[in-house]
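Structure first, commentary second.
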Amino acid sequence: MPRLKRRFNRMSHLFLPLSVLVVLLIINLVKGADYFKITLINGVLYGNIPNILFGASELVILSIGMTLVTAASRGQDISIGESGAISSAIFVQYVLRAGNVTVWTILAGFLISCLAGMVIGAFNGTLVSFFNVQPMVATLILFLGGRSIAFIIDGKVSPILANPISNQIGTVIPGVPIQTPIILTAVFIALVVVVLKTTNLRLYVESVGVNPSAARLNGINPKKVIFLTFLIMGVCSAVAGFIAVNKAGRHDSVNLLKFIMMDAILAVALGGNSLAGGKFSITGSIIGAYTIEVLNRTLLRLEVNPEAIKAFKAVFIIVLMIIASPVVSAYAGKLLDRIKGITTGYSPGQEVAVSAVDSSAKKEK
Amino acid sequence: MGPLNKGKPKTRMSNSTLLFIIAGIILILMYGIALISFPVSFRQFQTFFDFFNLNAALFIVTLGMCIVMIGGGIDISVGAVCGLVTMACALLLETGAGNIWGALFLSLGIGLAFGLMHGFLIAYLEIQPFIITLGGMFLAQGLLTTLHKEPLNVTKPAFVALRRYTIEIPWLGTVNRLGVFIPSEIKPSVFVVAALVVLYAILMKWSRFGRNLYAVGGNRQSARMLGINVKRTIFLSYVICGLTAGLSGFIFLLTTGAGNIGNGSLYEIKAIAANVMGGVMLSGGVGNLLGAPIGTLTLLTINELIRAAGVQSNLQAIVSGLLLYIFIVLQSIIMALRERRQFSLALPPWLRPPRAQDQKTAEDQR
């Protein structure tokens, strides 16, 4: 029993994102009972759940990277969309110049784009770790100039990626019942889990985020760790850009992954992570990312006026953050204690009085 | 011969002052480069005044953001609030329901509402400012699109008259090619900017609130131990920022004369960049309020310089990013050197006048 309780305590930070997800799903079920219905069309699963998993794939990958960056550097990277646009532009150019497109071309292009993402991550990471610039200011540079760089790499307005393999990566591979971006996301999550389980990355990142100078005294170089998280962020944005460009089938340097950093930061916060660094939970961020996608689709499903969707989203976010805020949760805890006291027959006030009497009696002795 | 500086002992220059001086030097440098490379346009006074005439709203937004940043927070909703106010005021003036004063009060009211919401949630419920102001940004954008989607031109005669009103400075101006003297023109909104700069500078420098805000931004824990009401200080900073953002929307409408969905977009990013250039740090507690207008001027000068140089429109963003990069790196290097005490603005020892102490020790040695 205590083991179970400990386990529950460890998972307690997931309570908020999970409960939100459940509430949203219940709203959807009330709207229409066939919400979970999955149909098989041409050997591929379609339905609301696969659509959510499909739509949120880039956001999930980016929010993983954002969690690490937030935890280590105590700030956010706001250039992830631009970074994804640049690396995917390089990927598209490589594939278009290759002529005969095979699986190996795509793979090579993907690796090159990952390299480009790492270069971008190194640029941001150098500024943050070695020049001690706040992350948001450091990534502001690429946020301002990144889309123009992607446009110059493109050379012309939105080059089209018309080859069967990209199409299959963006939609489905024949014979596989699940859409490819979902599989790619699952593989990526699995990779991250393996890395976190087998290496000391989590320990290092958390210790740097909690207290950089204490981490340095214990032999961890905070600069290197922060730099590493930005490199990982670069790879994440490259993968997200790869998926996004294959989904879209063309590279639109202006609108690809536009303003996704807001959603990614929101996913990190929804997952119960502090935006001021320290301990982090990748699971929470992933659930947060899916929650955002479910929220977007729920608002569409409830036939909210498309102009007002953003306002509804804002109200939802604000209400959620109020519920999750430390002050409200402390107050709720107090209230819960009082209710418990009433049901069990005595209030905490009485207990205090009794103990005071006890102590005075002891003094008299 | 007595000591030269007999007055109060000199203290070490604060980070705020140092960064402010650097920002000022950079601005003078940038404007100097602009003067040398494009003398025809930049030597006109009108070019300088146009920075203020056309970007008065950005100046005002930056001032509000500066106060929040000094308190160690961030408000990314300012651009969206500015856009929402322009549309709401345009709608009010166009439907004929209100006059200009009504529009002004509406703008301040919207700003105040957002400021109160952000301030209460961030200060008293201790929620992370980034997320709450992100929610405020989404809310303002959503309300804006709900109100009206198409661009809305204000045609109310009184408003158009106010919009067209310019003040000529007869003794400043340029002679054009035909030999006709053209005096410089200033819009009324420039005076609003100037008044706000003076007001906020006084507020931050001499009022109790301003001093408290610096203390809270520098270290919240020690500010609380000093007996400062941390929550109220942060609350007030967000209220002021919201009010300022609302006012900036009215000024924006006064500049462009139309409510539009794209109004004030990316102002939050521009305001943060301008403040960083002006020596206000995002971590809080460091920065001079006068740095905000100086940073904005630097940003605008750089943009104007790039535009005048005829750089391809795609390269403009890259070049301005690069300049920002150089500036940020320079700032951080100076701060790092200062921490190692290798950087000082004082004269080298062999140029310094002999101090009283040195003389005393010399006499003792004798």
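No lab work stands behind these numbers, since they all come straight from the coordinates. Worth saying up front: this structure is predicted, and the values here are computed from it rather than measured. Neighbour counts run over all protein chains shown; Cβ positions are idealised from the backbone, glycine included.
Numbers for the structure displayed
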quantity: GluC sites (Glu not before Pro) within region B:125-208: DSSP coil, no more than 11 neighbouring Cβ in 10 Å; calculated: none
quantity: Cα shape, region B:98-149, gyration tensor, a/c 1.5 rule; calculated: oblate
quantity: At most 10 other Cβ within 10 Å, DSSP loop - chymotrypsin sites (Phe, Trp or Tyr not before Pro), region A:225-326; calculated: A:Phe259
quantity: With at most 13 other Cβ atoms within 10 Å, longest stretch of chain B clear of loop chymotrypsin sites (Phe, Trp or Tyr not before Pro) (DSSP); calculated: B:166-342
quantity: Alpha-carbon centroid distance for the pair region B:259-284 / region A:224-249, whole angstrom; calculated: 26
quantity: Mean residue ellipticity (222 nm) of chain B, computed from DSSP H runs ≥ 4 via -39,500 (n - 2.57), nearest 500; calculated: -22500 deg cm²/dmol
quantity: Geometric extent, Cα atoms of region A:103-157 - Rg, Dmax (angstrom); calculated: 13.9, 42
quantity: Shape of region B:9-96, Cα gyration tensor, a/c cut at 1.5; calculated: oblate
quantity: Residue-by-residue Karplus 3J(HN,Hα) for region B:183-190, coefficients 6.51, -1.76, 1.60, Hz, glycine and proline x; calculated: x, 6, 10, 10, 8, x, 5, 4
quantity: Estimated FRET transfer efficiency when R0 is 22 angstrom, pair A:Asn218-A:Thr126 (beta carbons, to 0.05); calculated: 0.40
quantity: Axial C-alpha extent at least 20 Å, average Kyte-Doolittle at least 1.6 - helices from chain A (DSSP); calculated: A:15-31, A:103-125, A:135-154, A:180-198, A:309-324
quantity: Neighbour-count ranking [beta-carbon atoms within 10 angstrom, fewest first] of A:Lys247, A:Lys31; calculated: A:Lys31, A:Lys247
quantity: Sites A:Leu196 and B:Ile333 - FRET efficiency at Förster radius 30 Å, r taken between beta-carbons, to 0.05; calculated: 0.30
quantity: Long-range amide H partners of A:Ile220 with built H, under 5 Å; calculated: none
quantity: 0 to 90° range, to nearest 10: angle between helix B:100-119 axis and chain B longest Cα axis; calculated: 50
quantity: Ranked list, fewest to most other Cβ atoms within 10 Å of each Cβ, for A:Val205, A:Val20; calculated: A:Val20, A:Val205
quantity: Separation between Cα centres of region B:162-230 and region B:298-337, rounded to whole Å; calculated: 24
quantity: Beta bridge orientation in chain B: antiparallel %, DSSP, nearest 5; calculated: 100
quantity: Cα gyration tensor shape of the protein assembly as shown, rounded if a/c is under 1.5, else prolate or oblate by comparing a/b with b/c; calculated: rounded
quantity: Angle between chain B longest axis and helix B:230-256 axis [Cα atoms, degrees, rounded to 10]; calculated: 50
quantity: P(r) tail fraction, region B:54-119 - alpha-carbon pairs more than 14 Å apart, %; calculated: 62
quantity: Acute angle (nearest 10 degrees) that the helix B:45-70 long axis makes with the longest principal axis of chain B, alpha-carbon atoms; calculated: 70
quantity: Descending Cα extents along the principal axes, region B:15-341, whole Å; calculated: 68, 55, 38
quantity: Euclidean distance of C-alpha centroids, region A:188-215 and region A:99-177, integer Å; calculated: 25
quantity: Interchain or long-range residues, amide H under 5 Å from B:Glu126's placed H; calculated: none
quantity: Residues A:Glu303, A:Glu293, A:Glu58, sorted so that the one with the fewest Cβ neighbours within 10 Å comes first; calculated: A:Glu303, A:Glu293, A:Glu58
quantity: Helix-only mean residue ellipticity at 222 nm for chain A, each DSSP H run of n ≥ 4 adding -39500 (n - 2.57), per residue, nearest 500; calculated: -24000 deg cm²/dmol
